[in-house]
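Colleague: Below is a structure I'd like to ask you about.
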Amino acid sequence: MHISLKNTCKKTLLYLTLSIGVAFSMYACKSSEKQSIETTYKDQPFWQEYHEAYPISTDAEENEVRSITVDKAQNVWAATASGIFMKKPNELIWTSIQTGEDKGPAYSVEEDAESNIWIGTWNGIYRYKDTKLEKLTGVTAPVSAICIAKEGVYALSPNGIWLFDGKTFNKPQSNKEDYQLPRSIRDVISDNEGGLWIASDVGLYHTSAKETKYYRNKDKVISGYIKGVALDSNQHLWAGGLGGVSIIQNETKLREITPQQGLPTVFVTCIDNAPDGTLWVGTEQGLVRYKPHSDKPDSTYSMLFSRRWLLDDHVNDIAFDANGNAWVATPKGVSVIKRRQMTLAQKNDFFMDVTMRRHIRAPWIAGQAHLRIPGDTTSWQPEDDDNDGEYTGNYLAMESFRYAATKSPEAKENARKAFSFLKLLQEVTDTEGFFARTIVPSTWNFVHDGNRTFTSHQLADESVKEPRFKPVEVRWRKSKDGKWLWKGDTSSDEMCGHMFGYFFYYELVADEAEKAIIRKHVSNIVDYLIKHNFNFIDIDGKPTRWSVWSPDQLNRDPEWAPDKAQNSMEMLTFLKFAHYITKDEKYQKHYLRLINEEHYLENMAEVPNQNRAWFIYFDTILQAYLYPILLKCETDPERKAFFEKHIDQWFEKRKADHNPLINFIYCYSRNKQTEIANSVEFLKDTPLDLVDWHIDHTKREDIQLVRSIVLDELQVSKLPPASIRKTVRWDKNPWDARGGDPQVEREPVFWLLPYWMGRYLDMIQ
């Protein structure tokens with residue numbers, strides 16, 4: 001069992017020394033913003049949380065932190081399985097306070113009003129005073145809990161309870177000499193009236209000079225196994241343990257907090273009261289924070305878990321420093337949840353800096369970074385990705401919106417570089433119009449999906465599993481100039497991402513000379529598609545695995561039924577865009593033929609009615625790429641009305657995703673302003689940490705695991721906020737139950753693109 005102690009008097013004093021501005025609750029901020037936000041948002045400071053990790057050492061026992069406190073000088077004290085350690089402010093190194101034979105398991109650490117540090121250990125109680133450690137007498141070891149109260153310092157152990165009189169420890173005075181106290185003491189706080197609240201494995205106890213009472217029955221507490229206690233701002237007692245939290249006033253249980261009120265598990269380990277009055281509840285599956293100053297403090301809460309926020313999800317103890325930062329004791333060291341005030345504009349600056357330092361590789365590719373050491377961004381190196389073209393298309397769109405909103409020369413130059421890379425993807429193949437997925441320098445000695453061969457048995461197996469499967473043995477080829485390796489088998493999502501970026505670059509950034517280059521480039525691609533019956537033909541003379549838009553497949557091959565609606569929409573978009581920028585009627589002719597003779601508009605009408613067995617979340621993003629082009633380029637009233645109705649129906653289904661990219665694309669396409677509150681909330685809540693830490697919602701008891709919205713994926717019944725989902729990439733399902741790869745740092749374009757769209761649309765001001 002891990003013992004955790006809180007100091008009620010210390011917390012009250014700390015709260016009083018903070019200004020109201022610093023202590024203002026993050027939950028109150030969110031509530032007031034949602035009330036005031038309608039169609040626009042005025043950028044203003046908000047609290048941005050972030051995590052810093054402070055393992056004690058590489059030794060497992062030293063890292064098993066059981067109790068923690070922060071003194072008035074901002075030194076952090078940790079009681080661990082192998083002794084007591086102290087870390088000075090602004091330092092990374094922990095110093096062992098005990099030496100010799102006295103060093104051993106420690107269970108509790110607290111600071112009194114005179115800045116003395118009290119430490120309960122395996123062989124007694126110690127006081128650290130004036131930089132000296134002294135062992136005090138009068139108690140029977142081990143000391144498992146310490147409480148600082150107005151009447152003095154209490155030491156508790158399996159063998160009794162003692163009160164310090166200034167010189168030594170003695171049994172506290174009581175009108176009943178033989179009262180019974182539990183030996184399995186897990187936590188203790190002062191009731192601020194000369195008594196103690198004690199958490200134990202055999203119930204909740206209250207002891208005073210008058211009497212001792214215990215509470216075990218379910219009408220008083222959820223269960224008799226109590227691990228942590230704290231008083232809230234209303235002087236209600238929060239008692240947490242197996243089952244959840246009981247909120248008690250005058251011996252009456254007011255209500256309970258269980259997984260139905262946001263606890264990720266029934267195993268509560270500790271509770272602490274933050275300087276702003278927020279109740280932090282530690283569990284074996286992370287932290288939950290409950291809003292203060294409310295008739296129902298369990299009605300508004302937020303959760304933190306995973307390595308993004310904690311060295312280990314099992315929380316043993318929590319303490320707060322003078323700035324309101326939460327120091328969290330875990331079995332793998334100390335985590336601190338810090339916060340600082342930021343505006344969205346400042347967060348943009350932060351993410352732009354990260355993008356330029358780690359996520360732009362030559363010749364100007366926006367992509368993720370590989371971390372040689374999981375989670376360590378200092379070990380980053382560039383890597384290739386199947387969707388480098390698509391996501392650089394997103395980056396191109398982002399810089400285009402940034403330029404349109406600010407007229408920044410840097411944004412314009414960055415957009416030009418991104419477009420040049422996308423254009424190079426076509427040129428490097430030395431074909432009329434085919435383009436590569438990505439390129440890497442020819443000197444690289446590792447790429448993903450390297451060239452390979454297939455045996456006849458493997459080919460047979462793949463053909464049975466998926467008749468549409470295309471065996472590609474040569475994916476990587478060297479460019480004619482020898483500078484690059486380029487990757488083929490380019491997919492339909494790459495085509496959609498390219499066109500998305502080209503459209504906004506053409507509309508928002510390009511001058512007449514640049515527009516001529518875009519027209520020529522897009523024409524080459526679309527002409528190539530037309531020449532090959534609307535399929536994207538690779539070097540081998542065959543369509544790539546996914547880039548099939550021909551009516552011969554979509555309308556007449558049943559194996560392409562899952563892609564029929566989506567791919568029909570895509571090809572209509574490519575043709576309409578080419579016609580819009582070139583005014584060449586051949587594109588309009590093919591566009592109308594596919595509509596009138598091959599029924600592509602009727603096919604597209606089925607997009608919102610996608611068969612559940614075939615739906616994947618990525619398709620919604622591809623559709624989002626296409627709508628702006630269709631809505632802005634179509635001039636026929638009847639077809640435009642069709643597209644407007646189509647996107648409206650589609651958007652109604654996507655509102656629950658709270659996806660700011662989808663929201664702002666809809667606003668741009670329909671010239672409306674909506675869903676700003678959800679969009680801004682995502683932009684605020686997105687962590688600064690972009691490492692793709694493993695997130696596992698399947699361990700949570702406060703949600704249900706479902707097979708919706710994607711039938712063949714395990715998902716959660718409640719949309720996780722950005723702070724506790726996998727690092728976002730818009731091709732990933734936001735409802736996903738688990739996943740992540742800590743050897744990847746995602747590029748923050750997923751955040752920057754909707755932010756700059758909001759700025760351009762004047763919805764973020």
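Colleague: Right, Asn603: assigned to a helix (DSSP H, G or I), under 20 Å from the mean Cα position of the chain (by Cα), buried (at least 17 other Cβ atoms within 10 Å of the Cβ) and not hydroxyl-bearing (Ser, Thr, Tyr) or not?
Modeller: no
Colleague: Okay, moving on. Please note which strands (runs of 3 or more DSSP E) are completely contained in the range 77-158 and include at least 2 residues that are within 25 Å of Lys332 (Cα to Cα) and open to solvent by less than 10 Å² (accessible area, probe 1.4 Å).
Modeller: In the range 77-158, the matching strands (runs of 3 or more DSSP E) lie at 83-87, 106-111, 117-121, 124-129, 145-149.
Colleague: Hey, could you check the range 279-305 for residues that are open to solvent by 10 Å² or more (accessible area, probe 1.4 Å) and of a type in the set (Ser, Thr, Tyr) and say which is modelled with the highest pLDDT?
Modeller: Residue satisfying both the conditions and the ranking: Ser302.
Colleague: Also, quick follow-up: Return the residues of the range 526-535 that are open to solvent by less than 60 Å² (accessible area, probe 1.4 Å), part of a helix (DSSP H, G or I) and in contact with an Asp or Glu (Cβ under 9 Å, 6 or more places away or on another chain); say none if nothing qualifies.
Modeller: Hits for the range 526-535 are Asp527, Tyr528.
Colleague: A follow-up question, please. Considering each residue of the range 350-384, count those that are within 15 Å of Arg746 (Cβ to Cβ) and either touching a Lys or Arg at 6+ places or on another chain (Cβ under 6 Å) or of a type in the set (Ser, Thr, Tyr) (or both), and give that number.
Modeller: 6
Colleague: Quick check on Val202: is it buried (at least 21 other Cβ atoms within 10 Å of the Cβ), more than 20 Å from Asp71 (Cα to Cα) and free of Cβ contacts under 8 Å to residues at least 40 places away in the same chain?
Modeller: So Val202 fails the test.
Colleague: Among the residues of the range 666-724, write down those that are of a type in the set (Lys, Arg), assigned to a helix (DSSP H, G or I) and crowded, with 18+ Cβ neighbours inside 10 Å.
Modeller: Lys684 - this is the single residue of the range 666-724 that is of a type in the set (Lys, Arg), assigned to a helix (DSSP H, G or I) and crowded, with 18+ Cβ neighbours inside 10 Å.
Colleague: Among the numbered criteria (1) closer than 30 Å to Leu344 by Cα; (2) in contact (Cβ under 8 Å) with a residue 24 or more places away in the chain, which single criterion is violated by Ile117?
Modeller: Only one criterion is unmet by Ile117, namely (1).
Colleague: Within the range 392-442, can you find the residues that are outside any helix (DSSP H, G or I) and among the charged types (D, E, K, R)? Give the steps one after another, and end with the answer.
Modeller: Pass one, the range 392-442, residues outside any helix (DSSP H, G or I): 407-408, 428-442.
The answer is Lys407, Asp430, Glu432, Arg437.
Colleague: Kindly state which strands (runs of 3 or more DSSP E) lie completely within the range 207-300 and contain at least 2 residues that are among the β-branched types (Val, Ile, Thr).
Modeller: Once the strands (runs of 3 or more DSSP E) in the range 207-300 are filtered for at least 2 residues that are among the β-branched types (Val, Ile, Thr), what remains is 226-231, 244-249, 252-257, 268-273, 279-283.
Colleague: Out of curiosity, is Val509 touching a helix residue (DSSP H, G or I) at 6+ places or on another chain (Cβ under 9 Å) and touching a residue at least 60 places away in the same chain (Cβ under 8 Å)?
Modeller: So Val509 fits the description; yes.
Colleague: Just give me the residues in the range 306-341 being open to solvent by 10 Å² or more (accessible area, probe 1.4 Å) and aliphatic (A, V, I, L, M), in sequence order.
Modeller: Result: Leu311, Ala322.
Colleague: In the set Thr490, Thr573, which member is in contact (Cβ under 8 Å) with a residue 60 or more places away in the chain, of a type in the set (S, T, N, Q), in a loop (DSSP other than H, G, I, E, B) and crowded, with 24+ Cβ neighbours inside 10 Å?
Modeller: Thr490
Colleague: Test of understanding: among Ile365, Ile373, which residue is touching a helix residue (DSSP H, G or I) at 6+ places or on another chain (Cβ under 7 Å), among the β-branched types (Val, Ile, Thr), open to solvent by 40 Å² or more (accessible area, probe 1.4 Å) and under 26 Å from Thr443 (Cα atoms)?
Modeller: Going through Ile365, Ile373 in turn, the sole match is Ile373.
Colleague: If a residue has to be crowded, with 17+ Cβ neighbours inside 10 Å and touching a residue at least 60 places away in the same chain (Cβ under 8 Å) to count, how many in the range 647-665 make the cut?
Modeller: Here the count works out to 8.
Colleague: May I pose another question? Condition first: closer than 30 Å to Thr443 by Cα and either surrounded by 18 or more Cβ atoms within 10 Å (Cβ to Cβ) or of a type in the set (A, V, I, L, M) (or both). Now tell me which residues in the range 342-362 satisfy that.
Modeller: Phe351, Met352, Val354, Thr355, Met356, Arg358, His359, Ile360, Arg361, Ala362
Colleague: Is it fair to say Lys483 is touching a residue at least 12 places away in the same chain (Cβ under 8 Å), within 35 Å of the chain's Cα centre (by Cα) and either surrounded by fewer than 22 Cβ atoms within 10 Å (Cβ to Cβ) or more than 23 Å from Tyr391 (Cα to Cα) (or both)?
Modeller: The answer is no for Lys483.
Colleague: Taking only the range 576-600 into account, find how many residues are in contact with a helix residue (DSSP H, G or I) (Cβ under 7 Å, 6 or more places away or on another chain) and assigned to a helix (DSSP H, G or I).
Modeller: Here the count works out to 14.
Colleague: Cβ-Cβ distance below 9 Å, separation of 6 or more or different chains: which pairs start in the range 357-379 with a residue that is farther than 14 Å from Met398 by Cα and end on one that is open to solvent by less than 20 Å² (accessible area, probe 1.4 Å) and modelled with pLDDT under 95?
Modeller: Short answer, once both residue conditions are applied: Gln368/Arg729.
Colleague: Residues Asp552, Asp538: which one is open to solvent by 50 Å² or more (accessible area, probe 1.4 Å) and not aromatic (Phe, Trp, Tyr)? Lay out the reasoning, then the answer.
Modeller: Details: Asp538 fails: open to solvent by 50 Å² or more (accessible area, probe 1.4 Å).
Just one listed residue meets the conditions, Asp552.
Colleague: What do you reckon, is Ile189 closer than 24 Å to Val315 by Cβ, in a strand (DSSP E or B) and of a type in the set (A, V, I, L, M)?
Modeller: It is true that Ile189 is closer than 24 Å to Val315 by Cβ, in a strand (DSSP E or B) and of a type in the set (A, V, I, L, M).
Colleague: Another one. In the range 623-632, how many are open to solvent by 10 Å² or more (accessible area, probe 1.4 Å) and of a type in the set (A, V, I, L, M, F, W, C)? Please lay out each step first, then the result.
Modeller: As a first pass, look at the range 623-632 and keep what is open to solvent by 10 Å² or more (accessible area, probe 1.4 Å): 623, 632.
With of a type in the set (A, V, I, L, M, F, W, C) added as a condition, the list becomes none.
Count: 0.
The values are calculated or read from the model by the stated rules, or taken from the named source; none is laboratory data. Predicted model only: the values in this text are computed from it and were never measured. Because the Cβ atoms are built from the backbone with ideal geometry, glycine has one as well, and the counts that use them run over all protein chains shown. The accessibility values were calculated without ligands, DNA or RNA, using every heavy atom of the protein model including side chains. Shrake-Rupley method; radii C 1.70, N 1.55, O 1.52, S 1.80 Å.
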